[in-house]
Amino acid sequence: MTCELMTPTRRAVLGASGALFAWAFIPRFAYAAGGRDPRFITIILRGALDGLTAVPPVGDPDYKALRQAIAMTTSGPHAALPLDSFFALHPSMPNFNGLYRAGEAAVVHASATAYRDRSHFDGQDVLESGYEMPGRVDSGWLNRMLEGLPKGDKVSPGSSGIRGLSVGANAPLVIRGKAPVLGWSPSNLQPVSDDLPPRLMDLYNHTDPLFAKILAEGISTGKIAAGLDVKARGGPGDPTGMEQMARGAARLLAQDDGPRVAALAFEGWDTHAGEVDRLNKLLVGLDNSFAAFQQELGPAWKDTAIVVATEFGRTAQVNGTEGTDHGTGTTAFLAGGAIKGGRVIADWPGLKPAQLRDGRDLAATTDLRAVIKGIAVDLLGASPAILTRDVFPGSDHVLPMKGLIA
């Protein structure tokens, strides 16, 4: 087994191509550890990803009997992709596999937040708020992290200087808070005529100059992010929608004066029944999103870190409808040119009955907060004290995980 052991708006504007949420001019995020100009992207998988299917521990002697009909193998039709002698990767993720082989992607297995119950709503609250208990929905950890990052250089005149980006029709809790963010979402509206934006600009330049300025930025944002050559439109719960969101976000993040931190949320990961077909489809979308970020970020990819997380895992045992129920331990994905990849990071708990949490769940041996703290410190230059006090309150016992950044 070769896994790595760890120690512990004034108004909202609907533009021609996307939605613009409240934002303001703030100093550009220029400082980072090692003099980088980094990008940090958080993708939330809502519904609870089955980590034992996404990254099956095929080398565990108890895996096959426990997973029964949905157990995966590294041979035969639809074979899983070997990552090492113990873990494999779902065959719907060839792009991630390529990044893994190139040392630009890693897996953190048997991971979880501090939450240990089985409510999607409460689990998502904890995952996105950064607090140890549910119910705190006033702000998210990513927004509070933005507030506490070292200030960069002043923005040159005419630059937007946006530090945070929210992707989707509704801003994920993880990026809501006091720090202003730019919001963008792929539009489902029919394209407007070419003369409409300048007509609107002329109207508001005469009647509301401040609103005209915001509108101009919204139109610019839409043009950068949403000029996607696709025939189909999709939402955050299907492959097309996931890729669109990722590609548009990457185009904005790639701008010299654009955002540097982004949050996306992909829906539909609750696999109570028919898990095989459902995850095949969803993992294609996630995998295509990795490829979209790599392609669209261009040179910025080398300083990029992507964290993919979900509220909790699923039961180790399969239910009567070839699905899995709400569990505990799961899998987090890391990708980007800044990631020290090519490895599965796990303190593997085992799958024997006595090793399962409550006799049915993969036990969580890695605190997701340690992963995020480590990246925030080593890539973004964040203060460990601020991370513990403001970003993840109550996490004094959770040390930043080292060695995640190349």
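The values are calculated or read from the model by the stated rules, or taken from the named source; none is laboratory data. What you see is a predicted model, and the numbers here were worked out from it, not measured in a lab. Counting neighbours? That spans all protein chains shown, and the Cβs are built from the backbone with ideal geometry, glycine included. These accessible areas exclude ligands, DNA and RNA; they are computed on the full protein's heavy atoms, side chains included. Shrake-Rupley method; radii C 1.70, N 1.55, O 1.52, S 1.80 Å.
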Check your understanding: Somewhere in segment 221-237, is a residue part of a loop (DSSP other than H, G, I, E, B), open to solvent by 40 Å² or more (accessible area, probe 1.4 Å) and at pLDDT 70 or above?
Key -> yes
Check your understanding: Taking the condition of a type in the set (A, V, I, L, M, F, W, C), surrounded by fewer than 21 Cβ atoms within 10 Å (Cβ to Cβ) and at pLDDT 95 or above, does residue 354 pass?
Key -> yes
Check your understanding: For segment 367-406, what are the residues that are open to solvent by less than 10 Å² (accessible area, probe 1.4 Å), over 25 Å from residue 100 (Cα atoms) and not in a loop (DSSP other than H, G, I, E, B)?
Key -> 387, 391
Check your understanding: Based on what the data block shows, is residue 317 within 27 Å of residue 241 (Cα to Cα) and open to solvent by 10 Å² or more (accessible area, probe 1.4 Å)?
Key -> no
**Study point:** Matching option when the condition is open to solvent by 10 Å² or more (accessible area, probe 1.4 Å) and under 20 Å from residue 57 (Cβ atoms), among 275, 322, 267
**Key:** 322
Revision key, fill the gap. Note on residue 248: of the conditions (1) under 14 Å from the mean Cα position of the chain (by Cα); (2) part of a helix (DSSP H, G or I), unmet is (1)
Practice item. Report, by residue number, each residue of segment 373-399 that is within 19 Å of the chain's Cα centre (by Cα) and within 16 Å of residue 114 (Cβ to Cβ). Key: 373, 387, 391, 392
